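A.B. asks: Here's a structure for you.
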Amino acid sequence: MISVEGLTVEFSVVPLFSGASFVVNDRDRIALVGKNGAGKSTLLKILCGKQKPTAGVVSIPNETTIGYLPQVMILQDDTTVREEARKAFAGMIRLKERLDKMNNELAERTDYESNEYMSLVERYTEEHERYMMMGAENYEAEIERTLMGLGFTRADLERPTNEFSGGWRMRIELAKILLQKPDVLLLDEPTNHLDIESIQWLEQFLIQSAKAVVLVSHDRAFINNVTNRTLEISCGKIIDYQVKYDEYVELRKERREQQIRAYENQQKEIADMRAFIDRFRYQATKAVQVQQKIKQLEKIVPIEIDEVDRSAMRLKFPPCLRSGDYPVICEEVEKKYGDHLVFSDVTFTIKRGEKVAFVGKNGEGKSTLVKCIMGEIPFTGNLKIGHNIQIGYFAQNQAQLLDESLTVFDTIDRVAKGDIRLRINDILGAFMFGGENADKKVKVLSGGERSRLAMIRLLLEPVNLLILDEPTNHLDMQSKDVLKEAIKAFDGTVIVVSHDREFLDGLVTKVYEFGGGKVWEHLGGIYDWLKAPLHLPPVGGVSESSMTIDERLSMSSSQAQKQTVKASPTGGGSEGAIAYLERKEQQKKVKRVEKSIKEVETKIQQLEARIKELDEILCTPEGASDMTVVTEYTSIRKLIDQHTERWEHLYEELEQLQINE
């Protein structure tokens, strides 16, 4: 589908990569990897034709279509969500207009035997077949499926796009690209603005429905689930590994070990040759052998060893005073914006040393509750920060809050205190800002560089409660691994808002799920929550929530543990049993409707397959005049419309059941 030969890209004479050759085939799922600045985004731009290489050829067949999602886009604000997504079918809509025009012309003309009329019939048949093959009759349902898969509700579809944040508008652009069904999808960090459920939906879409995919992502779980091939940009070369990311990591390690052994053997060989030359250079009897060794030495091509980025972050949170037993206590906390309820009756206690995750769809209140904890916005209810708490807060927009007129060094110098100022260069070096990079202006830094710089600011003061809102956005995999290990070793309390499953796995022991104006508590790690068949009841529980904040603060550790047992959502009260049975019944209804939806979809596919067969028959002179075929064609079209309408009703019923679940 795409053939790349001898590709070279240079900036200021220094090549990002050179002599790269590879082919993107149908059904390829390619992860494009390499350290920050290696040229991953540049390569995607070249593949889609938005940037020209210094040398080399990118061959793309004329009929091949490409969909490209960059990290940053200029977004439109003049339509509704549905209307914006409908632009993906602009070509189909124009084709429908042409078909309607031809159909009207056929109805008006009477020269049935003329060559012009037969030519018009032939054109109409061909265009109509293409129209049907494009799935024209179901594109409205397809728009809804895609947008809702990416996290929008049905009510959102009629809202103006300018009411949504940049992240949500990026989802609309992603939906438009997916709806166009291009032959090759080029995706640059597609999960940056998605929640866990939307990421999982996108994974399934790319696995099942996409043709060829080339993606850049720092979400390890995502690329492992989606890709089957890895292209690495390293040492100015592009190396092709026919395996997914985790297997690539192992193969790369083996490859580097082989390179090191070969390099050492080569260096020994070179040393032996030079020793021979130096020893016998001036002996006439050895002149021939010496000249042979000199020529051999000149012909040796030095073995390169794949670079390993050893400048990665080495995070170490400084020691801090011991906090109280309960750093954060919420009791019936509620937040509204006008008539819009974000959440209500949020009641929980986070104990010292716990590491918890806030998860859920975007817009459900995770960052809002963080802002309540930080005292940045008003709320109702009781929320108390424990004794001796010193908070380190990394906000989603922390990187954008940096002063763009300052250099990297000055940014840190202005917040550093005491002896730490003597070690600024060492700290910057540990965060990949060594040497001349320390003199860069903030305004020229990439998103990842800004995030690292903002993280340094956080580390300069000792804290015992870390609140991290999407800390891994724009960080590469190695940086995320080091950050994760540092947080695991941190002996304070941690609240992490994140959609990165791999980052949260093994880091948190409790998950708070936000959704529908409520918060649910799940004991265990992130994958325990993902595997859970049912939501647990709202956090709090009767016993603990009936106590005041001061009473809970005064409890000893052992009493607190007993209290937690009493408040366990799996307790055996009759009300709990009734609620459980109701949920089970609700689940059965959901499964029945889902089964009906699948049956209807299967029937629609069968009918559409028959329509395709009839279209081929109608393309022949005999078929076009066969009224039996025409009648069958018309009746099947009506059946498809009926089934599509039934599918829409079932989908609405399913959505309502899921809301009430």
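A.B. asks: For region 473-534, what are the per-bin percents of Cα-Cα distances with bins 5 Å wide, up to the bin holding the maximum?
C.D. replies: Histogram of Cα-Cα distances, whole percents per bin: 4, 15, 27, 23, 17, 9, 4, 0.
A.B. asks: Give the lysines whose C-alpha is closer than 17 Å to that of residue 595, dropping any in the same chain fewer than 8 places away, or say none.
C.D. replies: Here the lysines satisfying the reach criterion relative to residue 595 are 584, 603.
A.B. asks: Suppose every K and R has +1 on its Cβ and every D and E has -1 on its Cβ; what is the size of the dipole of region 67-171 about the Cα centre, in Debye to the nearest 20? Don't skip to the end; give the middle numbers.
C.D. replies: Details: 15 positive and 22 negative charges, 124 e Å.
So the dipole magnitude of region 67-171 works out to roughly 600 debye.
A.B. asks: With the convex hull built on the Cα atoms of the chain, state its orientation-averaged projected area in nm².
C.D. replies: 42.5
A.B. asks: Extending each Cα 7 Å along its Cβ direction at residue 100 and residue 658, get the distance between those two points in nm, one decimal.
C.D. replies: Inter-label distance under the simple model: 3.3 nm.
A.B. asks: What are the radius of gyration and Dmax of region 147-302, computed over its Cα atoms and given in Å?
C.D. replies: Every Cα atom of region 147-302 included, Rg and Dmax give 27.3, 93 Å.
A.B. asks: What accessible surface, in Å², does a 1.4 Å probe find on residue 130, ignoring ligands, DNA and RNA and rounding to the nearest 10?
C.D. replies: So the heavy atoms of residue 130 present about 110 Å² to solvent.
A.B. asks: Can you tell which of 611, 499, 657 lies farthest toward the positive end of the dipole of the chain, using +1 and -1 charges on the Cβ of basic and acidic side chains (Lys, Arg; Asp, Glu)?
C.D. replies: Checked the options; the winner is 499.
A.B. asks: May I pose another question? Going by accessible area, probe 1.4 Å, with all protein chains left in place, what is the ranking of 499, 649, largest first?
C.D. replies: Largest to smallest exposure gives the sequence 649, 499.
A.B. asks: Once phi is turned into θ = phi - 60°, what whole-Hz ³J(HN,Hα) does the Karplus curve with 6.51, -1.76 and 1.60 give for every residue of region 634-645, x standing for Gly and Pro?
C.D. replies: Ordered by residue, 3J(HN,Hα) equals 5, 5, 5, 4, 5, 4, 4, 4, 5, 5, 5, 5 Hz.
A.B. asks: Right, another one. Using +1 at the C-beta of Lys and Arg and -1 at the C-beta of Asp and Glu, which of 290, 321, 184 has the Cα lying farthest in the positive direction of the dipole of region 184-323?
C.D. replies: 290
A.B. asks: Moving to a separate point now. Could you give each residue of region 23-28 its phi-based ³J(HN,Hα) in whole Hz, using Karplus coefficients 6.51, -1.76, 1.60 with θ = phi - 60°, and x for Gly or Pro?
C.D. replies: 10, 9, 9, 4, 6, 5
A.B. asks: A further question follows. For 347, 634, give me the order by solvent-accessible area with a 1.4 Å probe, most accessible first, ignoring ligands, DNA and RNA.
C.D. replies: Heavy-atom accessible area, descending, gives 634, 347.
A.B. asks: Same structure again: If I ignore ligands, DNA and RNA and count only protein heavy atoms, how much of residue 509 is accessible to a 1.4 Å probe, in Å² to the nearest 10?
C.D. replies: Solvent-accessible area, nearest 10 Å²: 90 Å².
A.B. asks: Treating only the Cβ of Lys, Arg, Asp and Glu as charged (+1, +1, -1, -1), what charge dipole size does the chain show about its Cα centre? Round to the nearest 20 debye.
C.D. replies: 3080
A.B. asks: Sticking with this one: Keeping all protein chains in place, calculate the accessible area per residue for the chain (probe 1.4 angstrom), answer in Å².
C.D. replies: Value returned for the chain: 52 Å² of accessible area per residue.
A.B. asks: Now for a different question. Considering only protein heavy atoms, with the full assembly of protein chains and a 1.4 angstrom probe, order 148, 73 by accessible area, largest first.
C.D. replies: 73, 148
A.B. asks: Here's a follow-up. Find the eigenvalues of the gyration tensor of the Cα atoms of region 55-158, then list the square roots of 5 times those eigenvalues as equivalent ellipsoid semi-axes, largest first, in whole angstrom.
C.D. replies: Three semi-axes, in Å: 35, 22, 12.
A.B. asks: A further question follows. Accessible area of the chain with a 1.4 Å probe: how many percent of it is carbon plus sulfur?
C.D. replies: Ligands and nucleic acids excluded, carbon and sulfur give 49 percent.
A.B. asks: To the nearest 10 square angstrom, what accessible area does residue 14 show with a 1.4 Å probe?
C.D. replies: Accessible area of residue 14: about 100 Å².
A.B. asks: For region 458-508, what does the convex hull of the Cα positions come to per residue, in cubic angstrom?
C.D. replies: Dividing the Cα hull volume of region 458-508 by its residues yields 82 Å³.
The values are calculated or read from the model by the stated rules, or taken from the named source; none is laboratory data. Fair warning: this is a prediction, and the values are worked out from it, not measured in the lab. Because the Cβ atoms are built from the backbone with ideal geometry, glycine has one as well, and the counts that use them run over all protein chains shown. The protein model used for the area step is the full one, side chains on, heavy atoms only, and it has no ligands, DNA or RNA in it. Shrake-Rupley method; radii C 1.70, N 1.55, O 1.52, S 1.80 Å.
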